[in-house]
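Report on the following structure.
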Amino acid sequence: MIRIRSATAADQDIIRHIVRIGELPPYSLRWQQFLVAEQDGRVIGVGQIRRHGRYNELGSLAVLPEYRGQGVGAQLIAALEAQAGLPLYLFCQEPVETYYRRFGYHRIRFLEAPGPLKPLALIGFTLPRLFGVRIRLMRKDG
């Protein structure tokens, strides 16, 4: 059975570890922003809400490889959405776009991004392209 709970200070190291395993940018990894998925007392997945003024971003969603495909990410997304409300924004690499579409997220253009997210979008769209990575900005409406 998987339990979703708010992270505690004791979870900081495992949050960093799971984000690193998920090959996500280690941006703003403060435990206070995270929910963790736990099974049998072991943290197996993480996700956070980053606040940008009145806009919220779902970020750092990662699940340990041996637990992927079992609905852990879906449970984290549902809990994070319930916590943050909608609309909710996220940045993801192009191959993961299809995953988020399953939950009702759709791609938006740079010009549709709210003001506080535009600097992140500009960096997110520009720098990764130098390395052949395409980043998508997505939103789920309420």
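Since every read-out is calculated from the coordinates, none of them should be taken as a lab result. Quick caveat: nothing in here was measured; it's all calculated off a predicted structure. Here the Cβ is made from the backbone with ideal geometry for all residues, glycine too, and neighbour counts use every protein chain on show.
Helix-only arithmetic for the chain: the sum of -39500 (n - 2.57) across DSSP H runs with n ≥ 4, divided by the residue total, places the mean residue ellipticity at 222 nm at -7500 deg cm²/dmol. The distance between label points at Arg51 and Arg16 comes to 2.4 nm (points 7 Å beyond Cα on the Cα→Cβ vector). Take the Cβ atoms of Gln93 and Arg42, set R0 to 41 Å, and the FRET efficiency comes out at 0.95. Placing unit charges on each Cβ (+1 for Lys and Arg, -1 for Asp and Glu) gives region 1-107 a dipole about its Cα centre, and among Ser60, Leu35, Leu88 the Cα reaching farthest toward its positive end belongs to Leu88. Volume per residue of the convex hull around the Cα atoms, evaluated for the chain, comes out as 108 Å³.
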